[in-house]
Every structure is written in C-alpha cells, then in structure tokens.
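Structure first, commentary second.
The values are calculated or read from the model by the stated rules, or taken from the named source; none is laboratory data. Keep in mind that this is a model prediction, so the values were computed, not measured. Positions of Cβ are backbone-derived with ideal geometry, glycine not excepted, and every protein chain shown enters the neighbour counts. Please note that ligands, DNA and RNA were not included when accessible areas were found on the heavy atoms of the full protein model with its side chains. Shrake-Rupley method; radii C 1.70, N 1.55, O 1.52, S 1.80 Å.
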Amino acid sequence: MSSSRPSDIGHAVTDLPDPADLPEADGSAAPDLFADGVGFTDENSRTARDTDDTMAYAVSPGTAAAAPAGSAGATSKSGPRDTGGPTLRERWDSTRERVRPWSAWSLRAKLVASMLALFTVLSMMTAVFTVTALNQALIGQVDQQLSDSLNRPSRGGDDDGGPGGGPGADRMEVYLTADGNAGYVYRSGVRTSLTSSQIALVKAAGLGSTPKTLDLGGEIGRYRTVAATRPIRNLQTGDQVIGTYVAGISTGPTDVIVGRMIVIAIATVAAGIILVALLGTWLVRRNLEPLRRVAATATKVSQTPLASGRVALGERVAPADTDTRTEVGQVGAAFNEMLDHVDEALNARHQSEQRVRQFVADASHELRTPLASIKGYAELSRREPDVVPQTVTHAMGRIESEANRMSSLVEDLLLLARLDAGRPLEAASVDMSMLVINAVSDAHAASPGHRWDLDLPPEPVEVTGDGARLHQVVANLLANARTHTPDGTRVTTSVRPEGEWVRVAVHDDGPGVPESLQPNVFERFARGDGARVRASGSTGLGLSIVAAVSKAHGGRVELDSRPGDTTFSLLLPAAP
C-alpha cells in the first residue's frame, strides 16, 4: 500500500486504486477520459459552459428511457377530447354562479376571511423563508465539510476498504485519470463501487471547486460534490499521474431534515389557520355584538306601523352601545337622536290629524241642526195654503235638494271622523247573503236601466260586524257601479266563502276605472274622469267609507279593473 506525499505542484499525492477494484467497462465510458466539458474545470472555464454542463448534469440514469414514454403520453393527451361533458369554461361559470360575490358577504364573514387570508399569506411566507434558510444552512455545512475534505490527503483505497481521511460517512470518492476511472460510495462503513454510467454522469457534470448537487439516481441518491486536480498514484504500477479527484457528501440527512421541517411548517400553518378561524370568528362576533344590537333595534323600529294614528317609538339603543368614543357607539347615538326627531314629528302629525278630525266631527255635528232646519222650512213651504209663485216653488225645491245632499255629505264626514277616532262598531252576526239581496233590490229600484245579477252560494254566509255599516258598504259599491256606468251595464254581485274570509264582489262590464286613478280610488274626495265622471248626488266619499268600514271590521277592499271588466271586492273575516 502506498502513502500520500506532497507533490511539487502543491497538491497531495493520491494513490490510484488497484485495477482490480475498478468497475468493468460496459461501453458507456468513452475512450477519452477527459473530453471537453467534463472533469476538472476552474471558475473561468466553467462559466462559459454553464448551459451545456447544466443540461448534462440534469440527466440521470433512466431519464432517456423515460423520455419516449413521456413523449408518447404527451402525444396521447393532444389527441381528440371527449366533448360530451361540460367544458372547463362552463364548469368555471357554474362555480362562479354558486359562489356569492364579495359584495354580498356579511361584514363578519369579510373580517374573518380577511384575517384568514392575511394570516395564511404571512404564515406561508414565514414557512418558506424558514425552510429555505434551514436548507441553505445545512447545505453550507455540507459545503464546508467538502472544502475541508479537499485539504486532507486521500487515498483511492486501503486494506479496510475505506478511504483514509475521507470526507466522512455517506460520502463518495471518484478518481478520473488517463489510465482509468474508479468511484466508490461509503455508506455506514460499507463501500460500494459506482457503475461506469454513474462515473460518466460525474464526468459530464462539469464539477469544479464550487460545490454542486449531483443526483446519481437509484439507491445512491443525491450528493453535494466538488472536484480538484491532484496527483493520483497507481497502486499497481506505483506511477503518479495528474487526475481529477471528486469528493461528495450525501444530502440525504439534509433532505430528511428539510422534509420534516416542511411537514412541521405545513402542520403548523394548518393548525394556525384553524385556530385563527375559530378565535377570529369568536372575536369578530364578540366585537360586532353591539352593532348587532343596534341592528336589532332598527329592525324593531322598522316593523312598527307608522302610517297613521298615535305611534309610540319606545325602542332605543341601550346606553352601553351609545359611547361616542367608539364607531358603533357613534352609530347608536346617532340612531337614538334620529328616533327622537322621528317620534317628535309623528306626535306632531298625530296631533294635527286629531285637530282636523275633531274639527270635521264638530263641524259635521254642528251643521246637522241648521241643515235640518233648512230642510224643514223647505218642506213647510210646500204646505203653504196660499198660492206660491212657480219660481219660488222651484227655488225652494232646489234648496231642499241641496240640503239633502249636504246632509248626506255631513253624515259621511261624521262617520269617517268617528271611524278615524277608532270608535268601536256593533259586533253581531250578519247574514251577508240576505244583506246583498236587499242591497241589490234597492239598487234595481234606483236604476232599472242596469242589469242586476246575483251569484250566491246555496247556504247562508255569515260574518261578525255592524249590519247597518256593512249594508252601507255594499250599497256604496252598488251605487258606485250605478253612477259611473251607462244604462244596460251588467252588474253582478257575488258572495263567496274563502277559508277564513268572506269575499263580497261587485263586478260590472262598464268602461272601467282609469289606470291613473286606481292607486287613489279609495281616497277621500277622489274624482274620476272620462266615462266615470261625477254624477248627481255623488260626494266622492263613498269608496273611502267602504275602505274605512272594511278596515274597522278587520278586512280590506280590493280593485281589479280594466275596460269591460271591473271588480270591487270586499273581504271580511268569516264568523267563527
């Protein structure tokens, strides 16, 4: 066995291994052991060949054989596609339709999603930085070991089968000379010879003094390698030749540590996302609870009827949620102030309405006595035994007629004022079938030129209410049809039970209610135009009385009108 000794050129002399230890040639090794681009390269020459060396180094055993299969796979993927199912664009559109847009998300969901997104990005960046830094630190340690190994003398083999003073456990040594090549891998004290193809891969890697990662494939795995030119002694002949010595340290332990770190980072990030999602949801819900209470108060206020009558806005945001030092408190305080203004405005409106109603009631009541006197004196003039001039008789007749009309108007106003004041009506069982028969009979006597029809069920239909007011309602609906339709119009009055309701409908085939008038047809003093002009005796309060009486009975009135098909419907709760 030969020993290493210093050479004249400043490198340690390395003994060439015994030819018996060299791997058999299999034809893959080229005769030229130091072809251009392989073997030892310095920094200047290596830079010019980075592209070629990288391509040669990237190819591992089995890659060339796998390439045709990959090519065939690529060719098969480019073949005809099955177009029977939905396309990728259709699936994407379908997914977008199922996902709510960001603008439709609740504030809570937006805050939690934003926290999760920010935490995920920061955690992933931290994990990537940590793994990258750890990998670089471990690779730096391996590179330092490689640098130290090049400064120690090394022999191509000794009696115990291990390189003396080599780079340590799980290491690789390759000797490239003009006389032959040899390579060994030492793993757990066991030396394994490299094949000629693996040695050729080392030669083609363009190794130099700068460490480079080399993948030898199979069970060998990846190694961090460097190369240096030094005298190498042939153990058989004792001659020294200048060759390339390649030293490598396995990156397996480093890869295991980095892999474990990646798993730990992924698990930590996943656990952190779950924890942030749970705690974030709880914190956001807790911090938004005052806003939820403000919203609940606003919802209660929005459900309060504000259209008419006395409105008691007793709902207010709690004092704990009106601290103006916080954003939610500012909203709560502003909402309370707005409710105070609305309450004052509603009370002022109610007081004004009450004054108007009281005025109408008082005026109507006070007008009844003088109107009765006027009518009495008009009737008394007809009983005068002396001859009265014709002009005076006509004038007194007109006075009596207008007094009767004004009396009817005053009675209607007084009734509406009482209904607006909420005075209770009589509650008794009313047979709507008989009531409709009587009302239609009166309408037929008042206007024989119309065609009056009845559509009644075989059994009586009863409701609970004020019989006189319900008769007035039906009479007003019939009078409305009689007044605003020409002679010959068919008017059909029907009564139908509908579950918990009773529907009384008055249908005519007249010209119909103008579309512009329909939204306000039940308002007081509503006037029609066209074919439905005001006729003699109409006060404009008939339909408003219908609406007020039906509301007082807990019902409602509806209108469905078009030329030749008009229906006024009165819906009342059925008798229990």
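Modelled this way, with points 7 Å down the Cα-to-C-beta line, the labels at Y377 and I266 are 10.7 nm from one another. For the range 551-562, the Karplus equation 6.51 cos²θ - 1.76 cosθ + 1.60, evaluated at θ = phi - 60°, returns couplings of 5, 5, 8, x, x, 7, 10, 10, 9, 9, 9, 8 Hz by residue, with Gly and Pro reported as x. By a 1.4 Å probe calculation restricted to protein chains, F129 has an accessible surface near 150 Å², given to the nearest 10.
Once C-alpha pairs closer than 8 Å and six or more residues apart are averaged by separation and normalised to the residue number of the range 356-426, the relative contact order reads 55 percent.
Phi angles of the range 328-342 translate, via the Karplus equation with coefficients 6.51, -1.76, 1.60 and θ = phi - 60°, into HN-Hα couplings of 5, x, 5, 5, x, 5, 5, 5, 4, 5, 5, 5, 4, 5, 5 Hz per residue; Gly and Pro are given as x. Kindly state, to the nearest 0.05, the FRET efficiency for I242 paired with T192, given R0 = 30 Å and r defined as their beta-carbon distance. For R0 = 30 Å, the calculated efficiency reads 0.65.
Of all lysines in the structure, the ones whose alpha carbon falls short of 25 Å from that of K300, not counting any fewer than 8 places away in one chain, are K551. In this structure the amide hydrogen of G183, modeled in the peptide plane, comes within under 5 Å of the amide hydrogens of Y175, L194, none closer than 5 places in sequence on its chain. Peptides 500-511, 440-451, 98-109, ordered by how many other C-beta atoms sit within 10 Å of their residues on average, highest first, read 500-511, 440-451, 98-109.
Roughly how many percent of the accessible protein surface of the range 356-481 is carbon and sulfur, given a 1.4 Å probe and a whole-percent answer? Here it works out to 56 percent. Relative to the current alpha-carbon distance between N287 and L122, full extension at 0.36 nm per residue lengthens the span by 57.0 nm. Dipole magnitude for the range 371-430: about 20 debye, using +1 per Lys or Arg Cβ and -1 per Asp or Glu Cβ, origin at the Cα centre.
The Cα center of the range 209-274 and the Cα center of the range 289-314 differ in position by 74 Å.
Maximal additional length on extending the A318-R405 stretch stands at 25.7 nm, based on 0.36 nm per residue less the C-alpha distance. Summing Cβ point charges (Lys, Arg +1; Asp, Glu -1) relative to the Cα centre of the range 435-576 gives a dipole of roughly 440 debye. Label separation (E498 vs R349): 3.0 nm, computed from points 7 Å beyond Cα along the C-beta direction. Summing charges over all other residues whose Cβ lies under 14 Å from the Cβ of T393, with Lys and Arg as +1 and Asp and Glu as -1, gives -1.
Our note on the geometry: Cα centres of the range 379-434 and the range 447-522, 23 Å apart. Cross-link partners of K212 among lysines, defined as those whose alpha carbon lies under 28 angstrom from its own and excluding same-chain residues fewer than eight positions apart: K203. Descending by average beta-carbon neighbour count within 10 Å, the peptides 542-550, 483-491, 383-391 line up as 542-550, 483-491, 383-391, the highest first. Toward the positive end of the charge dipole of the range 221-288, with +1 on the Cβ of Lys and Arg and -1 on the Cβ of Asp and Glu, the farthest Cα among Y245, G221, I257 is that of I257. Remark: the range 397-406, residue by residue, has Karplus-estimated 3J(HN,Hα) of x, 5, 4, 5, 5, 5, 5, 5, 5, 5 Hz, where x stands for each Gly or Pro and the curve is 6.51 cos²θ - 1.76 cosθ + 1.60 at θ = phi - 60°.
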